[in-house]
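Colleague: Quick one: structure below, then a few questions.
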Amino acid sequence: PAQISIKRGDVTVGFCSGAQVDREGNLNTVRIGRAERPDVQLVGPILIPEHLALFGREIVMIPRHDTRTLVDHVDHLSGVGFPGGRSGREVLGLPGSGPEMIVTPKCIFGFDDDGLVFVRSVHQGVTASELRENTGFSLDIDDSIPRTPVPDDEELLVLRRDVDPHGLLRR
């Protein structure tokens, strides 16, 4: 059997998370605070550099949407998004496409042509002002942003039956 090689581009989609993500899609999984005396020491990179450098598409899943998690600049660069814009990846020689989206409990972010985050859709019940208050960088958003679609009955059935048959994600 052939072995999977991330350097060869065999991984076309990946999922990752971190303690901080910034408006350029850079991820931090190493520390919060200054390098000399961090406030919090985290788990470390754990393949995050490879995810964001080499995978075809990367979906960043952030379990909290607050100003401590969504920051203007990460305290430590564990995974590279679009530093200095999309051309910044090219300058660094990164073959992967970088982060495609950031999914939070309040919205889904995408990345524009310049590699900066924008609000793609807002989850049901979340307001534009709530997003602004809970995000550590400025957002160009109003109430005309599309709502994230709610899964229909068939999608819920597949999620519950096939993806999470033991209900682990519903606890």
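Colleague: Can you find, within the range 121-134, the residue that is nearest to THR67 (Cα to Cα) among those that are among the polar types (S, T, N, Q) and without any contact (Cβ under 8 Å) to a residue 60 or more places away in the chain?
Modeller: Of everything passing the filter in the range 121-134, SER129 is nearest to THR67 (Cα to Cα).
Colleague: Of the conditions (1) open to solvent by less than 70 Å² (accessible area, probe 1.4 Å); (2) in contact with a Ser or Thr (Cβ under 9 Å, 6 or more places away or on another chain), GLU130 clears all except one; give me its number.
Modeller: (2)
Colleague: If you scan the range 63-105, which residues turn out to be over 16 Å from PRO49 (Cβ atoms) and either of a type in the set (Ser, Thr, Tyr) or touching a Leu at 6+ places or on another chain (Cβ under 6 Å) (or both)?
Modeller: Answer for the range 63-105, where residues must be over 16 Å from PRO49 (Cβ atoms) and either of a type in the set (Ser, Thr, Tyr) or touching a Leu at 6+ places or on another chain (Cβ under 6 Å) (or both): THR67, THR69, SER87, THR104.
Colleague: Only residues that are of a type in the set (D, E, K, R) and either touching a strand residue (DSSP E or B) at 6+ places or on another chain (Cβ under 7 Å) or open to solvent by less than 60 Å² (accessible area, probe 1.4 Å) (or both): list them for the range 51-72, please.
Modeller: The answer is ARG57, GLU58, ASP66, ASP72.
Colleague: Just the residues that are closer than 15 Å to LYS106 by Cβ and surrounded by 11 or more Cβ atoms within 10 Å (Cβ to Cβ), please, taken from the range 134-171.
Modeller: ASN134, THR135, GLY136, PHE137, LEU139, ILE141, ILE145, ARG147, THR148
Colleague: Looking only at the range 88-117, count how many residues are among the charged types (D, E, K, R) and in contact with a His (Cβ under 7 Å, 6 or more places away or on another chain).
Modeller: 1
Colleague: Then there's this: Taking the range 115-140 only, how many residues are out of contact with any Lys or Arg (no Cβ under 7 Å at 6 or more places or on another chain) and under 26 Å from SER97 (Cα atoms)?
Modeller: The total comes to 7.
Colleague: Name, by its number, the condition in (1) over 27 Å from PHE55 (Cα atoms); (2) in a loop (DSSP other than H, G, I, E, B); (3) not polar (S, T, N, Q) that does not hold for LEU156.
Modeller: Here LEU156 clears every test but (2).
Colleague: Which of the following residues is without any contact (Cβ under 8 Å) to a residue 12 or more places away in the chain and under 24 Å from ALA19 (Cβ atoms): PHE118, PHE137, PHE109?
Modeller: Only one candidate passes the filter, namely PHE109.
Colleague: Report the residue count in the range 8-36 for those that are open to solvent by 50 Å² or more (accessible area, probe 1.4 Å) and more than 10 Å from ASP75 (Cβ to Cβ).
Modeller: 7
The values are calculated or read from the model by the stated rules, or taken from the named source; none is laboratory data. Nothing here was measured: the structure is a model prediction, and the numbers come from that model. Cβ atoms come from the backbone with ideal geometry, glycine included; neighbour counts cover every protein chain shown. The accessibility values were calculated without ligands, DNA or RNA, using every heavy atom of the protein model including side chains. Shrake-Rupley method; radii C 1.70, N 1.55, O 1.52, S 1.80 Å.
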